[in-house]
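All remarks here apply to the structure that follows.
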Amino acid sequence: KQVYQRRVREAVVSTQSTGGSPVENMALQNIQARVRMVTGYLFAQLINWARGRSGSLLVLSSANVDEALVGYLTKYDCSSGDLNPIGSICKKDLKSFVEHSKEVFGFPSIDSFLGAVPTAELEPISETYTQTDEEDIGLTYNELNDIGKLRKIDRCGPFVMYKRLLYMWEMPPKELGDKVKLFFQKYAINRHKACVITPAYLCEQYCPDDNRYDLRPFLYNPKWDVQFREIDNSIKVGALAKQQAASSALTVDKFNRK
């Protein structure tokens, strides 16, 4: 116990970019993320007071549907609030709305962030490293858009989704299978966050499974043993068939040369 207490007292927690472990890195990011929520509520309660008015304001949260599906948010951070105007809108549509606003309302300042790389801005930026959403998640927002629709609208599980995406994405089967597995692992591990997710305007058919209107379980086995095994078997069968086809083509070529 004394050794443990001394270790805690002497510990220096660092971000991963400055030599810290992934656990330290996530802990520091979560602190910053939750401070955003506290600050938001602080100003929501004080702004009217500062203006000599009564009452307080509502806090708008800022997590889109793609981030919510894979849990790319911290519980009780800036994704938490009283209302979420973008909670069931995908990143792809959000960018389209912003671009539309630029054209309709003539906001030149929109150009400065319309092409910006999405980032949580929770890790120190250096000359060699800048935190980005898609690198953290392991999937692009366009990929999450397709996956989200297949999961909710077409009711696809891991294996069926893998088979569907084989015809939608130009990607090697192994890489595609890994992306499908990654999504469902993140979805399963972070489902508990949907139980406290901020109410959002419903405008997308593949919005998160909020326990207020979706009674499916929020605790899943993230290993998805049967489904993932079928994906692996399909990849092996496809690779074997490709190998056999190449071998047959080589045999035919040799025969034609004779």
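For the chain, place one equal point scatterer on every Cα, skip the solvent, and apply the Debye formula. What is log10 of I(q)/I(0) at q = 0.17 Å⁻¹?
Those come out to -1.41, one per q.
Could you tell me which of the pairs K102/K193; K75/K95; K91/K163; K152/K223 are separated by over 28 angstrom between their Cα atoms in the structure shown?
Details: K102/K193 34 Å; K75/K95 25 Å; K91/K163 25 Å; K152/K223 20 Å.
Over 28 Å apart, Cα to Cα: K102/K193.
How much accessible area per residue does the stretch 31-85 have, in Å², with a 1.4 Å probe?
Dividing the accessible area of the stretch 31-85 by its residue count gives 57 Å².
Just N145, N221, N25 to compare: in a GNM of the chain, with alpha carbon springs under 10 Å, which one fluctuates most?
Highest fluctuation of the listed residues: N221.
Grab the beta carbon distance between K92 and E175, set R0 = 22 Å, and tell me the FRET efficiency rounded to 0.05.
0.55
Using the Karplus curve 6.51 cos²θ - 1.76 cosθ + 1.60 with θ = phi - 60°, what ³J(HN,Hα) values do you get for each residue of the stretch 110-123, in whole Hz, with x for Gly and Pro?
Running phi through 6.51 cos²θ - 1.76 cosθ + 1.60 with θ = phi - 60° gives 5, 4, 5, 10, 4, x, 5, 6, x, 8, 7, 6, 10, 10 Hz.
In the neighborhood of F97, defined by Cβ-to-Cβ distances under 13 Å, what is the net charge if each Lys or Arg adds +1 and each Asp or Glu adds -1?
0
List the aspartates and glutamates whose Cα lies under 14 Å from the Cα of K181, skipping any in the same chain that are fewer than 8 positions away.
Within reach: E143, D225, E230, D232.
Once neighbouring chains are kept in place and the probe is 1.4 Å, which whole percent of the accessible area of the stretch 143-185 is contributed by carbon and sulfur?
Answer for the stretch 143-185 is 53 percent, counting heavy atoms of protein chains only.
What residue among E99, E127, E24 has the largest mean-square fluctuation in a Gaussian network model of the chain, using Cα springs under 10 Å?
Between E99, E127, E24, it is E127 that shows the largest mean-square fluctuation.
Where the only charges are on Cβ atoms (+1 Lys, Arg; -1 Asp, Glu), what is the dipole of the chain about its Cα centre, to the nearest 20 debye?
With Lys and Arg at +1 and Asp and Glu at -1, about 920 debye.
On a full-extension model of 0.36 nm per residue, what is the gain between A116 and Y220, subtracting their alpha-carbon distance, rounded to one decimal in nm?
So the chain would gain 34.0 nm between A116 and Y220.
In whole percent, what relative contact order does the chain give with Cα contacts below 8 Å and a gap of six or more residues? Spell out each step's value before the answer.
Numbers: 290 pairs, mean separation 47.9, N = 258.
So the answer I get is 19 percent.
Using only alpha carbon pairs under 8 Å that are at least six residues apart, calculate the relative contact order of the stretch 107-247 and give it in whole percent.
So the answer I get is 22 percent.
Relative to the longest principal axis of the C-alpha atoms of the chain, give the angle of the C-alpha long axis of helix 91-105, reported between 0 and 90° and rounded to the nearest 10°.
The angle comes out near 60 degrees.
Amide H of S14: which non-local residues (sequence gap of 5 or more, or other chain) have their own amide H closer than 5 Å, using H built in the peptide plane?
S21
Between P222, P158, P208, which gets the highest mean-square fluctuation from a Gaussian network model of the chain, Cα cutoff 10 Å?
For the chain, modelled as a Gaussian network with Cα springs under 10 Å, the answer is P222.
How tilted is helix 141-152 with respect to the longest principal axis of the chain? Cα atoms for both, answer in degrees (0 to 90, nearest 10).
With rounding to tens, the tilt is 80 degrees.
Under the rule of at least 5 residues apart or a separate chain, name every residue whose amide H is placed under 5 Å from the amide H of Y201.
HN-HN under 5 Å from Y201: N84, G87, S88.
Once R0 is set to 51 Å, what does the formula 1/(1 + (r/R0)^6) return for the Cβ-Cβ distance between S126 and Q244, expressed as a FRET efficiency to the nearest 0.05?
That pair, S126 with Q244, gives E of 0.55.
Over 20 Å, how big is the tail of the calculated P(r) for the stretch 117-186, in percent of all Cα pairs?
36
If you wrap a convex hull around the alpha carbons of the stretch 14-99, what volume per residue comes out, as a whole number of Å³?
Spelled out: Cα convex hull of the stretch 14-99, divided by residues, is 136 Å³.
The values are calculated or read from the model by the stated rules, or taken from the named source; none is laboratory data. Since this is a predicted model, take the numbers as computed values, not measurements. A quick note on method: Cβ atoms are made from the backbone with ideal geometry, for glycine too, and the neighbour counts reach across all protein chains shown. Heads up: the accessible areas ignore ligands, DNA and RNA and are worked out on the full protein's heavy atoms, side chains in. Shrake-Rupley method; radii C 1.70, N 1.55, O 1.52, S 1.80 Å.
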